[in-house]
Structure formats: structure tokens, C-alpha cells
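I have placed the structure first, in the form of C-alpha cells, so that the comments after it can refer back to it.
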């Protein structure tokens, strides 16, 4: 089956290669480690630019990520109210989310990773680092990391947005930018409410984001973020019969960053405070039956250093020291100190680049982890390049994994950390009009954590170290840019395949049901300087059964300062489930944006 898909994709690329060419700007991948041009990077990185975000028929980060190869988003509501993110067959606890290089992982549970999602209006680009190259980011990056790079500059003024859609969905937002000789500011706040697409799936969200820079060189930067979500949780978290669940979450971040530079070095110190709050009620109108309240805090300091040597080689190293604590009526009170250190050195030998590196992490209540790795890049010419990555990654259990006591799930204080050794071989081709990447990967995981049935047919699930799993797969990503008349068009197609090899000994709840086949097609058409359309199609199958086809479309009209968008979602009216939750059928939304 996968042979057919790869052949079909290759044939389509050959057809499109005869069209006109339009050059693209070079993108620099700005991780907090080594900064190199995207075309020269030896990591497996997918970059989604602000232009691509604007042209994709979605209104939130959760739905945007669903159309990326190797990314599995399992929603439990609409408009990103609650969702889990998986990379390359891993679990939702094995993905690390960063905002401008700041780790915003939640020590309570990976279910809250996407609670930190930012509004699309303030995102400059998204960098998805998959596979062993993500080892340098530390805890939770077992299968990969997603770095959200926020907007820092832009034109002075304000943009007002309003959306109205199916299920009585309403969103209002304001984004403003201002700057002068010594400072610049970006601010956004928005509110979103919906009656929900079925019983007890209503939601009420609020987002606040600011980014300010001060000084003559504007290198003192202050970032703040606050997200609040209130939603009916009909059937969430494993049991469809629990129809009356309700949840409220908060996620906030404050970070102060500066930088000092010399001719050969850049030092970037940062202090930050990340806070998370989660209130869960089993029966919405009767909290006394079962209610959880969890509050966690992470306060830390980090220093990243980048060195440029006389021979052109690069070094990156840094350290982070943080204190993590949680107060919970269910999980108890716990705290830990985390010390993290990383080092990378990039050696450039004509067409060959060699980047060895390692990371070292110490958890005061768990253990010390050392995980080395190696990235290789061999350039065939200016457009074509082979890369190879290998390395170790890990994940320690969350506080929920360790201590949770619920009506259907129990934690396990004796859990071991998950570990994995990953390898990846990829080929990348970057021309003025065509970007193409084919990757093949393998991940050998040990001590995978999941909830398993205590007894077959029992309603209790126990957090356990289950299978040792070998995950193998491949991805094909391609993007073609061409013109019709004077208008730029973009055609994007990707395919992902994953196979898990393991000996099943227990029934598990979340793991080992990732996307087996995943096809994504996007067509971004500019009809004129004012009119444009975009289409996003996804086909996916899972090993435990089930497949679905989803088509989104968008029509946009730009009239001076006013932009009007009409979005249609799930236009095939597909009947499908994610995490046992039925997804909404065909629905739509009208959006207005006015710029001052």
C-alpha cells in the first residue's frame, strides 16, 4: 500500500516540475541552539511560515498541526479547546512544546501540552523538529519538539478580528503593534465561545499575549502569555459514557530574555516562570461527587551560548536550572529541581557537516540522564543533501502517571523513565520553486508508559511500563510554488507511514494506535490580488481500525484594510472518531479582519 502512495506522489511531483518557477526566501531555523539556514541544517525540521499559516483554512494551532506529516492530533472538542499531539507514533507525553525556545511542558500531564497554544495572529513561524535531533531539548522530546516562534516586529497599527460560525461559535480579537527608537511592542487578546457541536461540549476561551523589546538595540525582551479554557468534557479521557465531565484550565508564562554579542560569540540569558492550573469535575452540576484541582509552577534560569570559530565551525552549549512544584488534592504536593546541560559542535568539511552533541539532565527526585547523539549532512550540490541522525532520548513519568487516583485510572509510583534510541536517514532537495524531503526512521523504545487493564473487562486502568516497541516509518514532504499569470500558487503534499513492532502482553489505553497511513494535500491558489482560495485534504488510517477523509476549504477577499474569509470544514461530512470522541460533521465559519 505504501509503495502505491510513494509512486503516486512521485508522479505528481514530476508533473508539477514543468511549471514556472518563483524564488523563495531562505529561512533560518532559530532554535536556542545552533542557528543555521534551513537548507543547510542537518536536523529533520518542518517549518510553517506565517504566510502558509494565513493561507491554510484553519483558525487555530491545533487544526493547523493536523495537516502536517508525522503529526497526529487527536481532538476532544472544537476550536482547539482540548487536544493531544503525537509525533511519529509516540504518545502525547513524548512531545515537547516550546515558545521562542522556552520549554512549556506541563509536569502534571501531556494532555495539557496544547493548552499553551498561541493564537495564529502572533505566530511568525512554527518549527517541528522530529526524531533524534530533538534530544538537545531535554525532557519530553522523546519523539520530537515543536517550537513556536512569535512575531517580534511589524507595521504600526492594530488589527481587529471577528469570527462567527456553526454551533453559535463567536470569536473576537485585537492585535496591536507599536515601536519607536528604543522599544517595540506586540499585544494580542481574544475571546472565543461556542455552544458546542453536541451535548456538553460548550467552551469559553480567553487568550492574552504580549511581547516587548527595550533598549537602543532592543535586546531586552519581555514575553507574557495567559490562556484560559473552560469546556464541557463529554466523554473525554477514555470513557464515552462519562457525559457530564467539565474542566477549566489555565496556562501562563512570563519570560525575560536578553543577549550579549561579541565578534565570535552570542550569550542569551533568560529567566522565566511557567504556571499551569487544572480543575476537573466528574459531574458538572455536582462537583462534590469527584473534583480535582492541580496547580503547578516552574521557575527557571537558562543561559545559551553560540560560538563561531575562525574556521567557520559552530559550537552551541548552555544550561538551565529550574524548580518545579505541584499542589493537588489528588496527586499531593511534590517538588523537584532540574539541572539541564547541552553541548553541540558543528564541523564543516566542504560538502560534509558533522554535528556531535549530548545532553545531561538531573532530576532531584528521579535520576540523572545522559543522552548523546550525532547529526550528519552531506551536500550533493547546492540543491540536494543527505542527512543522518542518531541519538538517545528519554521521558520521565508525569505526576499523573505516578500518583493519580481516579474512578477508572490509577497512577504507579514505581514507574521507570521511558528511553529510546532513534535513527533517521533523509534526503532533502531545495530549489527556487520546489522543496522535497524523504525520510526513513526507526525508534527503539524501552519502558513505554501507558494505562493497562488491571483485569480483562475491569473498569480500572493502571499506569505501567508496558512494551518495548520498535517503531519504523517513512515520510515524504513536498512543496511546489508556481505562477498562473502574475499570481503565486502553492501545492503541498505529504505522506507518512508508521509501523509498530512489539509483542502484545496487555490491553493499553492510549499508545500503539497511531496513524498508520497519513496523506495531506494542500492547494493554495491566488486568483487575483484580491481573491484567493485554499484547500486542505487529509486521509488517515489507524492500525486498530478506522479511517477518515477530511476536506477544509477557504475563500478570501481582501479589500484595502478589510479581509473577509469564508471557511468550510469537514466538507465531506465524514463520520469519524478521535480518542473515542465523535468529531463534528460539516460546519463553517465567516471571519472579518480590519487593519488600522
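The values are calculated or read from the model by the stated rules, or taken from the named source; none is laboratory data. As the structure is a computational prediction, the values presented were derived from the model and not from experiment. Cβ coordinates were reconstructed from backbone atoms using ideal geometry, including for glycine residues, and neighbour counts include every protein chain displayed.
Here is how the numbers come out for the structure above:
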quantity: Within the stretch 532-545, considering residues that are touching a residue at least 24 places away in the same chain (Cβ under 8 Å) and within 24 Å of the chain's Cα centre (by Cα), the one farthest from residue 63 (Cα to Cα); calculated: 543
quantity: Residue among 114, 96 that is within 12 Å of the chain's Cα centre (by Cα), surrounded by 24 or more Cβ atoms within 10 Å (Cβ to Cβ) and assigned to a strand (DSSP E or B); calculated: 96
quantity: Selected residue (criterion: surrounded by the fewest Cβ atoms within 10 Å (Cβ to Cβ)) from residues of the stretch 222-241 that are over 22 Å from residue 108 (Cα atoms) and modelled with pLDDT under 95; calculated: 241
quantity: Residue that is nearest to residue 128 (Cα to Cα), among those in the stretch 479-489 that are without any contact (Cβ under 8 Å) to a residue 60 or more places away in the chain and buried (at least 19 other Cβ atoms within 10 Å of the Cβ); calculated: 479
quantity: Where a residue in the stretch 362-377 is assigned to a loop (DSSP other than H, G, I, E, B) and its partner, wherever it lies, is surrounded by 16 or more Cβ atoms within 10 Å (Cβ to Cβ), with Cβ under 6 Å and at least six apart; calculated: 364/336; 365/336; 366/396
quantity: Residue among 462, 448 that alone is more than 22 Å from the chain's Cα centre (by Cα) and farther than 24 Å from residue 375 by Cβ; calculated: 462
quantity: Matching entry among 515, 524, 476 (being outside any strand (DSSP E or B) and surrounded by 20 or more Cβ atoms within 10 Å (Cβ to Cβ)); calculated: 515
quantity: Single unsatisfied condition, residue 129 versus (1) in contact (Cβ under 8 Å) with a residue 60 or more places away in the chain; (2) over 13 Å from the mean Cα position of the chain (by Cα); calculated: (2)
quantity: Enumeration of residues in the stretch 542-571 that are touching a strand residue (DSSP E or B) at 6+ places or on another chain (Cβ under 8 Å) and part of a loop (DSSP other than H, G, I, E, B); calculated: 543, 546, 561, 570, 571
quantity: The one condition in (1) out of contact with any strand residue (DSSP E or B) (no Cβ under 8 Å at 6 or more places or on another chain); (2) modelled with pLDDT under 80; (3) within 25 Å of residue 115 (Cβ to Cβ) that residue 23 fails to fulfil; calculated: (3)
quantity: Which numbered condition residue 298 misses (of (1) modelled with pLDDT under 95; (2) surrounded by 15 or more Cβ atoms within 10 Å (Cβ to Cβ)); calculated: (1)
quantity: Every residue from the stretch 241-256 that is outside any strand (DSSP E or B) and touching a residue at least 40 places away in the same chain (Cβ under 8 Å); calculated: 242, 243, 244, 245
quantity: Conditions (1) modelled with pLDDT under 95; (2) over 18 Å from residue 113 (Cβ atoms); (3) surrounded by fewer than 18 Cβ atoms within 10 Å (Cβ to Cβ); number of the one not met by residue 256; calculated: (1)
quantity: Selection within the stretch 574-596 - more than 21 Å from residue 240 (Cβ to Cβ) and either free of Cβ contacts under 8 Å to residues at least 60 places away in the same chain or over 25 Å from the mean Cα position of the chain (by Cα) (or both); calculated: 586, 590, 592, 593, 594, 595, 596
quantity: Scan of the stretch 559-592 for residues that are closer than 19 Å to residue 155 by Cα and modelled with pLDDT of 95 or more, ordered by number; calculated: 562, 563
quantity: Residue within the stretch 145-156 that is crowded, with 23+ Cβ neighbours inside 10 Å, under 13 Å from residue 85 (Cα atoms) and under 13 Å from the mean Cα position of the chain (by Cα) present; calculated: yes
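For every residue, the table says whether it meets (1) in a loop (DSSP other than H, G, I, E, B); (2) at pLDDT below 95.
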{"site": "330", "(1), (2)": "yes, no"}
{"site": "339", "(1), (2)": "no, no"}
{"site": "342", "(1), (2)": "no, yes"}
{"site": "348", "(1), (2)": "no, yes"}
{"site": "359", "(1), (2)": "no, yes"}
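Rundown of residues vs (1) loosely packed, with under 15 Cβ neighbours inside 10 Å; (2) touching a strand residue (DSSP E or B) at 6+ places or on another chain (Cβ under 7 Å); (3) more than 20 Å from residue 596 (Cα to Cα), yes/no style:
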| residue | (1), (2), (3) |
| --- | --- |
| 168 | yes, yes, yes |
| 183 | yes, yes, yes |
| 186 | no, yes, no |
| 189 | no, yes, no |
| 200 | no, yes, yes |
| 207 | no, yes, yes |
| 213 | no, yes, yes |
